[in-house]
1. Applying the selection to the range 87-122, what residues are in a helix (DSSP H, G or I), open to solvent by less than 50 Å² (accessible area, probe 1.4 Å) and of a type outside the set (S, T, N, Q)?
2. Can you pull out every residue in the range 163-185 that is open to solvent by 40 Å² or more (accessible area, probe 1.4 Å) and under 17 Å from A233 (Cβ atoms)?
3. Answer yes or no as to whether A138 is part of a helix (DSSP H, G or I) and touching a residue at least 40 places away in the same chain (Cβ under 8 Å).
4. Evaluate the range 186-201: report whether one residue or more is buried (at least 16 other Cβ atoms within 10 Å of the Cβ), in contact (Cβ under 8 Å) with a residue 24 or more places away in the chain and of a type in the set (K, R).
5. Filter the range 158-178 for residues that are closer than 19 Å to L191 by Cα and either without any contact (Cβ under 8 Å) to a residue 24 or more places away in the chain or charged (D, E, K, R) (or both) and give the result.
6. Name, by its number, the condition in (1) under 27 Å from V151 (Cα atoms); (2) in a loop (DSSP other than H, G, I, E, B); (3) open to solvent by less than 20 Å² (accessible area, probe 1.4 Å) that does not hold for N75.
7. Can you find even one residue in the range 156-166 that is of a type in the set (A, V, I, L, M), touching a Gly at 6+ places or on another chain (Cβ under 9 Å) and closer than 28 Å to V219 by Cα?
Amino acid sequence: MAQATLRERGRSGAPLAGIFAAIPHPAAAEVTARCGFDFVCIDWEHAQIDRSEVENLVRAVEAGGAAAMVRVPGNDAEAIAAALDSGAQGVLVPRVSSAAEAEAAVRATRYPPDGERGAGPGRASGYGYDIAAYVAGANARILLAVQVETVRAVENIEAIAAVAGVDLVFIGPGDLAVSMGAFGPEGAGRLDAAIRSVIAACASAGKAVGLFRPSADDVPVWRAAGVSLFIVASDSMLLAGSAAALARAVAPPASD
């Protein structure tokens, strides 16, 4: 029996756990992928990763045994095509704040008749040798997640969630908190309420929900609230945290 694709699992609301790859080196991506995550999301938006590096990072994630996603730098058809042509099994499109923007992401991700993605001889299609088979099956295999991270997106969440072709709505709480003026502990209650309103709207529309968390501490809480896909921290965050803990452990005791 064929294993379910990342898209099938994501759309169904099956529990999925991933991490951002922010270190622009294949060795880091492969080591991270070997740790047991369902997928690794290459962060082309915020990390110091350029287009020429995305394909090698996708290769490295696959070599490590995880599915490769790419968070593209914006809702741009060329960037989405580049990520998918590299062989990524999904894209995370940031700053989607309206149904029209969600529809643009769908058009860029899907081949006709479901969208407007152009067919090219990239790695995903065997450098052109398998292009017919790839084009025939890509729309059914590629996961499209749109990122809700602004006040306007929360206001428009019912319309965004209703867009056909969007597989999953992913909540970015950091930028959402900034957009709401709710950054920091004093805004935690308002941010929590906004996140829960997005989850409820997606549940009504039958759309799966993803969420970024800086650590796994409250993942059970959000899973119980209806979130099925989590991206937890990043390889660079884990490196910094582990290195800092080690530095504290080996530091000489303070003198009296």
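1. Those that are in a helix (DSSP H, G or I), open to solvent by less than 50 Å² (accessible area, probe 1.4 Å) and of a type outside the set (S, T, N, Q): A99, A102, A104, A105, V106, A108.
2. D175
3. Taking the combined requirement at face value, the residue satisfies it.
4. Of all residues in the range 186-201, those buried (at least 16 other Cβ atoms within 10 Å of the Cβ) come to 191, 194-195, 198-199, 201.
Pick out the ones that are also in contact (Cβ under 8 Å) with a residue 24 or more places away in the chain and you get 194-195, 198-199, 201.
Keeping just the survivors that are of a type in the set (K, R) gives none.
The answer is no; no qualifying residue exists.
5. E158, D175, A177, V178
6. Result: N75 fails condition (3) only.
7. Yes, the range 156-166 has at least one match.
Here is a yes/no grid of residues against (1) on the phi > 0 side of the Ramachandran plot; (2) touching a helix residue (DSSP H, G or I) at 6+ places or on another chain (Cβ under 7 Å); (3) β-branched (V, I, T):
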residue: P73; (1), (2), (3): no, yes, no
residue: I80; (1), (2), (3): no, yes, yes
residue: L84; (1), (2), (3): no, yes, no
residue: Q89; (1), (2), (3): no, yes, no
residue: R107; (1), (2), (3): no, no, no
residue: I142; (1), (2), (3): no, yes, yes
residue: V151; (1), (2), (3): no, yes, yes
residue: E155; (1), (2), (3): no, no, no
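The values are calculated or read from the model by the stated rules, or taken from the named source; none is laboratory data. Keep in mind it's a predicted model, so treat the numbers as computed, not measured. Every residue, glycine among them, receives a Cβ derived from its backbone with ideal geometry; neighbour counts consider all protein chains shown. We work out accessible area using only protein heavy atoms, side chains counted, and drop any ligands, DNA or RNA first. Shrake-Rupley method; radii C 1.70, N 1.55, O 1.52, S 1.80 Å.
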